[in-house]
Amino acid sequence: MKLKLVRLQHEITQIDLEVLTGIPAQRLSLIERGYRQPTLIEKIKIADAFKLDVDSIEYPQINLKKIRLNMETSIGASMGQDCR
């Protein structure tokens, strides 16, 4: 099951999960949205927080197209133009 769904089923916020795992909520958000992949240690900490096997939690694949588009939009916005 996907990390976000597991977290929501357990009624845990990203801040709660940060407290349980020591992984910053901002990083958890990036992992949930597919901008970062968790390290093995992070996977273990997350699984332990939910008392699940490490392999039972799915993480989204990194979406490079989405990351590039967001970078282009951010750069364009900082220059006062739309790069799309």
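The values are calculated or read from the model by the stated rules, or taken from the named source; none is laboratory data. These figures come from a predicted structure and were not determined experimentally. As a convention, Cβ positions derive from the backbone with ideal geometry for all residues, glycine included, and neighbour counts pool all protein chains shown.
Could you list, in sequence order, the residues of the stretch 8-36 that are assigned to a helix (DSSP H, G or I), of a type outside the set (A, V, I, L, M, F, W, C) and in contact (Cβ under 8 Å) with a residue 24 or more places away in the chain?
Scanning the stretch 8-36 gives T21, E32.
Considering L64, L69, which residue is within 16 Å of the chain's Cα centre (by Cα), at pLDDT below 95 and either more than 17 Å from L17 (Cα to Cα) or of a type in the set (S, T, Y) (or both)?
L64
Restricting to the stretch 31-53, give me the number of residues that are at pLDDT 95 or above and over 14 Å from R7 (Cα atoms).
7
How do the pairs read when you match residues in the stretch 53-67 that are over 12 Å from R36 (Cα atoms) with residues anywhere that are modelled with pLDDT under 85, using Cβ under 7 Å and keeping only pairs 6 or more apart or on different chains?
none
Could you please find all residues in the stretch 37-69 being out of contact with any helix residue (DSSP H, G or I) (no Cβ under 9 Å at 6 or more places or on another chain), part of a loop (DSSP other than H, G, I, E, B) and of a type in the set (A, V, I, L, M, F, W, C)?
The answer is I62, and nothing else.
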